[in-house]
Amino acid sequence: MQLMLIAVLTLFLGACATVQSGSPAVSILMDLDPASADRTVIVESITADKEGRLYLPERVTGNILRIDPKAPKSVTVGRIEAREIKGKKVDASPSGIAFNQAGDLFVAVGPFSEVVRIRGADLNPAKPGLAQTFATGTAGANGIAFDRHGNLFISGGASGIVYRVGSSGGAAQPGTQIEKHTRTLPDGETQQAIVANGLEFDAKGVLHVADTARGAIWKVVIETDSRGGKPSLLAQSPLLEGADGLAFDRSGKLWVAANERNAIVTVTPDGQVREIAKNGGSGPLEFPAAIVFVGNTAYIANFDTARRDNMDANGKTALDGIGASIAQISP
Ligand SMILES: [Ca+2]
Ligand SMILES: [Ca+2]
């Protein structure tokens, strides 16, 4: 009897150890609108400053939100104003966000074909800084990332173009291009044509590009003149369908938000793909679109659009779950 008890206990403890060494748990750091699960708040990207505070551009208002994960509360520290273009009011609907080394904040604004800047000193909850034009000529501007020389790279979405601009801004130039491609989602209708989405540089300065349409990650070696070489495929997998925001962890592993699959996937430097978290439409991942690390903790922006695995059972809405939010994965 005693032996049997020990055997059962051993099995039980063994199972616990297996669970602990398996997938890390995803939890919610903050619901960005506790009053609603609808898209009253829309966040597509996330970054962090040197003090570990999180920044998200909000698409409905054009506000830049700042959240200290140690005491989560959203404050507005900057703003991207709507513009009048050809007689029509055009909202900024900002996407990619990144700091440069000096602590100035940059945001991709697709509808303006620009990247805008707010100086670090102007990120102020008492008087939110107004964004100014930094780079122009970036049609479809989506993901952004700085190389170690201070050049800014900007993904152009379905065109596959990745633009580059020097540290003083101005007219951006094409740096490299991912070949165009369109994938039909499992619903047989939705077309996914974004081949240049999330961008990130690894520790060696190699640019990585998320190809949402192919479910792939491309590597691009940047030449000394800051132009990109020919893209080479690091990984392609059904697990990467919907690949959006990217972030490297401290070990050099690439984390990928696979938005349409409600999943977080990792890719090793030799191209091994592994799923580390996935859930249905009720969260905690709700169309995860971007990731940033603060130390060993990953913070994830939930964009929560009604597509594929984030759709409710009715096949139309994404009102299950809590809506726009920040999820976290702690080691
Ligand atoms: Ca909510
Ligand atoms: Ca939802």
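The values are calculated or read from the model by the stated rules, or taken from the named source; none is laboratory data. From a predicted model like this one, the values you see are computed outputs, not experimental measurements. Cβ coordinates were reconstructed from backbone atoms using ideal geometry, including for glycine residues, and neighbour counts include every protein chain displayed. We work out accessible area using only protein heavy atoms, side chains counted, and drop any ligands, DNA or RNA first. Shrake-Rupley method; radii C 1.70, N 1.55, O 1.52, S 1.80 Å.
Go over the candidates Leu207, Leu152 one by one and state the one that is touching a Phe, Trp or Tyr at 6+ places or on another chain (Cβ under 7 Å) and touching a residue at least 60 places away in the same chain (Cβ under 8 Å).
Leu207
Just to verify a result, which residue in the stretch 262-285, among those that are open to solvent by 10 Å² or more (accessible area, probe 1.4 Å) and of a type in the set (S, T, N, Q), is farthest from Leu199 (Cα to Cα)?
Filtering first and then ranking leaves Ser282.
Residues checked against (1) modelled with pLDDT under 95; (2) hydrophobic (A, V, I, L, M, F, W, C); (3) within 16 Å of ligand 1 (Cβ to nearest atom); (4) crowded, with 16+ Cβ neighbours inside 10 Å:
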| site | (1), (2), (3), (4) |
| --- | --- |
| Phe248 | no, yes, no, yes |
| Trp255 | no, yes, no, yes |
| Glu260 | no, no, no, yes |
| Phe287 | no, yes, yes, yes |
| Arg307 | no, no, no, yes |
| Asn310 | no, no, yes, yes |
| Thr317 | no, no, yes, no |
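Name the strands (runs of 3 or more DSSP E) wholly inside the stretch 72-129 in which the number of residues that are in contact (Cβ under 8 Å) with a residue 24 or more places away in the chain is 3 or more.
Those strands (runs of 3 or more DSSP E) span 74-79, 97-99, 105-109, 114-118.
Does Ile217 count as touching a Gly at 6+ places or on another chain (Cβ under 9 Å), more than 23 Å from Arg66 (Cα to Cα) and crowded, with 24+ Cβ neighbours inside 10 Å? Write out each step before concluding.
Details: touching a Gly at 6+ places or on another chain (Cβ under 9 Å): yes; more than 23 Å from Arg66 (Cα to Cα): yes; crowded, with 24+ Cβ neighbours inside 10 Å: yes.
For Ile217, the condition - touching a Gly at 6+ places or on another chain (Cβ under 9 Å), more than 23 Å from Arg66 (Cα to Cα) and crowded, with 24+ Cβ neighbours inside 10 Å - is met.
Tell me which residues, restricted to the stretch 136-162, are over 18 Å from Arg117 (Cβ atoms) and charged (D, E, K, R). Before you say what the answer is, go through the steps one by one.
First, the residues of the stretch 136-162 that are over 18 Å from Arg117 (Cβ atoms): 139-140, 148, 156-162.
Arg148, the sole residue that qualifies.
Name the one entry in Asn259, Asn314, Asn310 that is free of Cβ contacts under 8 Å to residues at least 60 places away in the same chain, within 28 Å of Ile64 (Cα to Cα) and more than 14 Å from the chain's Cα centre (by Cα). Write out each step before concluding.
Details: Asn259 fails: more than 14 Å from the chain's Cα centre (by Cα); Asn314 fails: within 28 Å of Ile64 (Cα to Cα).
On inspection, the qualifying residue turns out to be Asn310.
Only one of Pro72, Pro57 is surrounded by fewer than 22 Cβ atoms within 10 Å (Cβ to Cβ), away from ligand 2 (no atom under 15 Å from the Cβ) and not acidic (Asp, Glu). Can you tell me which? Show your work before the answer.
Working: Pro57 fails: surrounded by fewer than 22 Cβ atoms within 10 Å (Cβ to Cβ).
After ruling out the rest, the residue left standing is Pro72.
Which one is farthest from Ala92 (Cα to Cα) among residues in the stretch 60-69 that are assigned to a strand (DSSP E or B) and open to solvent by 10 Å² or more (accessible area, probe 1.4 Å)?
Taking the candidates together, the pick is Arg66.
Is there any pair with a first residue in the stretch 287-306 that is among the β-branched types (Val, Ile, Thr) and a second that is within 13 Å of ligand 2 (Cβ to nearest atom) whose Cβ atoms are under 6 Å apart and which are 6 or more apart or on different chains, and what are they?
Cβ pairs passing all conditions: Ile300/Pro288; Ile300/Ala327; Thr305/Phe287.
For the stretch 31-43, which positions are open to solvent by less than 30 Å² (accessible area, probe 1.4 Å) and either outside any loop (DSSP other than H, G, I, E, B) or more than 13 Å from ligand 1 (Cβ to nearest atom) (or both)?
Passing the criteria: only Val43.
Yes/no matrix, rows are residues, columns are (1) more than 24 Å from Asp244 (Cα to Cα); (2) modelled with pLDDT of 95 or more:
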| position | (1), (2) |
| --- | --- |
| Asp104 | no, yes |
| Arg117 | no, yes |
| Leu123 | yes, yes |
| Lys127 | yes, yes |
| Gln132 | yes, yes |
| Arg148 | no, no |
| Phe153 | no, yes |
| Gly157 | no, yes |
| Tyr163 | no, yes |
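I need the full set of residues from the stretch 141-157 which are surrounded by fewer than 21 Cβ atoms within 10 Å (Cβ to Cβ) and in a loop (DSSP other than H, G, I, E, B), in order please.
If the condition is that a residue be surrounded by fewer than 21 Cβ atoms within 10 Å (Cβ to Cβ) and in a loop (DSSP other than H, G, I, E, B), then Asp147, Arg148, His149, Gly150, Asn151 are the ones that fit.
So in the stretch 44-53, with the set limited to residues that are crowded, with 19+ Cβ neighbours inside 10 Å and assigned to a loop (DSSP other than H, G, I, E, B), which one is nearest to ligand 2 (Cβ to nearest atom)?
Of everything passing the filter in the stretch 44-53, Glu44 is nearest to ligand 2 (Cβ to nearest atom).
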